[in-house]
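This report concerns only the one structure given below.
The values are calculated or read from the model by the stated rules, or taken from the named source; none is laboratory data. These figures come from a predicted structure and were not determined experimentally. Note that we place each Cβ from the backbone using ideal geometry, even for glycine, and neighbour counts take in every protein chain shown. Just so you know, the surface numbers come from the protein's heavy atoms only, side chains and all, with ligands and any DNA or RNA stripped out. Shrake-Rupley method; radii C 1.70, N 1.55, O 1.52, S 1.80 Å.
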Amino acid sequence: MSTEAIPAERPKRNYNALFGLTLLALLVLLWIILSVATPSFASANNISNLLRQGSMIAILAVGQTFVIITGGIDLSVGAVVGFATVIVAMLINAGVPVFLAILVTLLVGVAIGMFHGFGIVRMGLPPFIITLATLTSLRGIGLLMTNGNSISINNDAFQLFSRSSFLGVPNLFWMVILVGIPAYIFLHHSRWGRYLFSVGSNAEASRLSGVNVQRTIYMAYTLSGLCAAFVGVLLASRIGIGNPTQAEGWELQAIASSVIGGTSLFGAVGSVHGPLLGAFILATINNGANLLNVNAFWQRIITGVLIIVIVYFDGLRRRGK
Amino acid sequence: MTSTAQELHPALTLEPGRTILELKGLEKRYPGTHALKPVNLAFKASEIHAIVGENGAGKSTLIKLLTGVMPRTSGDVIWEGKPAALATPHEAMALGINAVHQEVVLCRHLTVAANMFLGEEDSRFGILQQRAMVREAQKIIDDLGFDLPAHVVLGDLTIGQQQLIAAARATVRGTKFLIFDEPTAYLTRKEADQLFTLIRRLKGEGVTIIYISHRMEEVFELADRVSVLRDGTLVGTRNIAETNDAELVKMMINRSIEQVYHKEHFTPGATLLEARNLSGKGFENVSMTVRAGEIVGLYGLIGAGRSEFVTTLYGRHRKSAGQILWEGKEVQVNSEHDAIRLGMALAPESRRDQGLCLNLPVGLNLNLPIYKRISSNLLISSAQEKTEADRQIANLRIKTPTRNALASSLSGGNQQKIVIGRWLAHGAKLFIFDEPTVGVDVGTKAEIYRLFGELLSKGAGIILISSYLPEVYELADTLHVFRRGKLVATHGFRTANHEDILNQALAEKQEKPGGQI
Ligand SMILES: Nc1ncnc2c1ncn2[C@@H]1O[C@H](COP(=O)(O)OP(=O)(O)OP(=O)(O)O)[C@@H](O)[C@H]1O
Ligand SMILES: [Mg+2]
């Protein structure tokens, strides 16, 4: 037996790191091209703007990735964001302290996630179906609660937060770091992270090995709901209104970011840094296209093409060539 | 073009003894593994040629190259005097090369008949002739002497029966060269006999057979010649009459094994587990005890209810009646979680469906049950994660380039070792091993049995399920025989003879699938 001779140490880790670097290189390349192509791109103002734009999708993508790793999907996140803006706006306008209002909104996100877990684990519904159902009904509930009107938030401190910066970096981007670091540790260095992967790979084998599969699924959707509610708070702070129809289509952007970041929709493959980079790549493309006066319709097409290209090359390399 | 090749060389024109297929410097490299070093070997028309070797020696790789499933790195394959590219399975089939692979690669959700004609469906004006296909398939199956229905969904059959269907499927398409990769791993003795009859008949019809197995007695029963692979190298080829068991084992692992079934006897300790009149899906009214320091063997045909019985003990399925007692007290085992907390461990029967996370690293698969132990609070100790995984890899000699390689890249037998290995560090009190040595080579089998002894000496008890009689016979202190969901006989260590045990397991006519139990 020649097991001692170990030539190729850690193909998997290397691969993950390599893919991350490739994405980073792509992002930097885009930035360089855009800085050359348009003078306004590299301005401090625009970069801050770009970071703000990308941050919210990035946080959504992290939560979404947990779910996708288990082999599921969460279509509700855009609707949860919209719904959360309504909750937080109503609470603040009702005079609830901002801190408490945020906490309650986050708990609403947790509850929605738990409901998804319940539907999947207890009722045996496919993730696609249960989260699609929440997507439409949450928008409906939000509209009922607001009578179809927007609620403008009358609290300046709350709104100031997302407009200010700390150490020259927009607060919203700090929030990505605030979410990203614990998420990274959770996914790659805790046993719960390992369980997410194992459940996504083979739920039956995991169960027989003593992994609590049901709890793992609850956890994934709860975290996704939590991330979405958090993004809802940030969005409310950024534009100062609560409106249930906001964040339309953000679930698709989150999924796209995750997939561009190397997450496999078949489950059991994914990371935290990948989706974050994916989100900022998408944000850069949108931002650059705006600056270059590219028709907004084209932006959508470019995003679609980009998804196909990146996932295709990723798949090629995964298969070993 | 390929079909004209077939017409020019119909199977009947082959004279025995002529070389039909020749490998010239055939080689295969995977990233990180040199699976097959240049191999030269010639197969004669209508011979049964056995290939043996350790887990990971390169047997399945050789087959994948010959059937066009994988591209080769270098070398030539000469088919009937002409080089063959063998780039796709389709091309291999057109030449008349077919295989029954180690893992059944058919569609579980389709019917037996649909599987048999997959890719060559009978259709008229684009409409499938379903009835005609079922009739045709049934005729082929009956003709081969298999007692199986053609209209049922494949997934409803046992793995062994699926394997027979795969064999039947391979025989129907103008086959001239047929490869069996460990076909009997999941077969009962009776099914194996049916298969052997089929193989001999094909040989009589001029088909050349490659037969891969870890069971020496089968090789000697069936083969004309045998080739040995070790670490991707062809060590030698022998005529079956001019070699023996010991020589082959020596060639395979480069050392000799005095005793495969290493059996130590311990004085049994306290009763760990007791089942009292337990019933559930697939078994009825089963009572037995397992004590510390003993191996309780469960023998029976596949489908006799043994796996259902142990998975119920393990909380995977609900019991319908009876009691489970753990260390003398009645317990409710409602989930695997409860079972594991009590101190049970289960290595399940099917490594693909229940055993492994195939697209995850070997290390993660090995550590899955013990992550709780090797993490403090939330964080995993990555040092411990590495040492634990490496320890099991060394312990069971799992052949993998590193612990980070994906489980799917390991050979069948090495995957099986992961399913066993993950529990060895767990510190459970009762180990349930369901067909633990399916596809495992002789050397490692001996090693696994030695580890059983170690577990026993530490005061654990073992339930060992096996459809391979010699294994339970030589290892079990208490041997229970199951038939159709009932425990029909109990023996002590080596107190009955093989014949009697077999008869008890079979008794009347073998059950037809379709699930009346
Ligand atoms: N897809 C793959 N990628 C990388 N390595 C592989 C792949 N498939 C097989 N290998 C490696 O090639 C070697 C030979 O594997 P192979 O499956 O041919 O062994 P085998 O002789 O059939 O063993 P077994 O008796 O366990 O079935 C092993 O070391 C295995 O890890
Ligand atoms: Mg093999």
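For the reader, a short list of remarks on this structure follows.
- Candidates B:Val172, B:Val153, filtered to the one that is surrounded by fewer than 17 Cβ atoms within 10 Å (Cβ to Cβ), of a type outside the set (Lys, Arg) and at pLDDT below 85: B:Val172
- Considering residues of region B:80-109 that are more than 16 Å from ligand 1 (Cβ to nearest atom) and in a strand (DSSP E or B) only, the residue nearest to B:Glu182 (Cα to Cα): B:Asn98
- Residue list for region B:382-403, filter: assigned to a loop (DSSP other than H, G, I, E, B) and either within 16 Å of ligand 2 (Cβ to nearest atom) or buried (at least 22 other Cβ atoms within 10 Å of the Cβ) (or both): B:Leu396, B:Arg397, B:Ile398, B:Lys399, B:Thr400, B:Pro401, B:Arg403
- Hits in region B:306-350 - residues which are open to solvent by 40 Å² or more (accessible area, probe 1.4 Å) and either free of Cβ contacts under 8 Å to residues at least 12 places away in the same chain or touching a Lys or Arg at 6+ places or on another chain (Cβ under 7 Å) (or both): B:Glu308, B:His317, B:Gln323, B:Lys329, B:Glu330, B:Gln332, B:Arg341
- Screening B:Leu406 against (1) at pLDDT 90 or above; (2) more than 8 Å from chain A (Cβ to nearest Cβ) leaves a single unmet condition, (2).
- Any hit, region B:451-459, residues being under 20 Å from B:Gly56 (Cβ atoms) and facing chain A (nearest Cβ under 10 Å): no
- Scanning region B:368-386 for residues that are of a type outside the set (Gly, Ala, Ser) and within 7 Å of another protein chain (Cβ to nearest Cβ) yields B:Leu368, B:Pro369, B:Tyr371, B:Lys372, B:Leu378, B:Leu379, B:Ile380.
- Cross-chain or 6+ apart pairs with Cβ under 7 Å, region B:40-67 first and more than 14 Å from chain A (Cβ to nearest Cβ) and open to solvent by 10 Å² or more (accessible area, probe 1.4 Å), then within 13 Å of ligand 1 (Cβ to nearest atom) and assigned to a loop (DSSP other than H, G, I, E, B): B:Ser60/B:Gln102; B:Ser60/B:Ser411; B:Lys64/B:Met70
- Within region B:188-230, being open to solvent by 10 Å² or more (accessible area, probe 1.4 Å), more than 14 Å from chain A (Cβ to nearest Cβ) and within 16 Å of ligand 2 (Cβ to nearest atom) holds for B:His214, B:Arg215.
- Residues within region B:50-79 that are within 16 Å of ligand 2 (Cβ to nearest atom) and not in a loop (DSSP other than H, G, I, E, B), tallied: 12
- Residues that are open to solvent by 20 Å² or more (accessible area, probe 1.4 Å) and within 14 Å of chain B (Cβ to nearest Cβ) do not occur anywhere in region A:128-142.
Here is a yes/no grid of residues against (1) open to solvent by less than 30 Å² (accessible area, probe 1.4 Å); (2) touching a residue at least 24 places away in the same chain (Cβ under 8 Å):
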{"residue": "A:Glu204", "(1), (2)": "no, no"}
{"residue": "A:Arg215", "(1), (2)": "no, no"}
{"residue": "A:Met219", "(1), (2)": "no, yes"}
{"residue": "A:Leu223", "(1), (2)": "no, yes"}
{"residue": "A:Ala228", "(1), (2)": "yes, yes"}
{"residue": "A:Ser237", "(1), (2)": "yes, yes"}
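- Sole exception among (1) open to solvent by less than 10 Å² (accessible area, probe 1.4 Å); (2) within 14 Å of chain B (Cβ to nearest Cβ); (3) in contact with a helix residue (DSSP H, G or I) (Cβ under 9 Å, 6 or more places away or on another chain) for A:Ser190, by number: (3)
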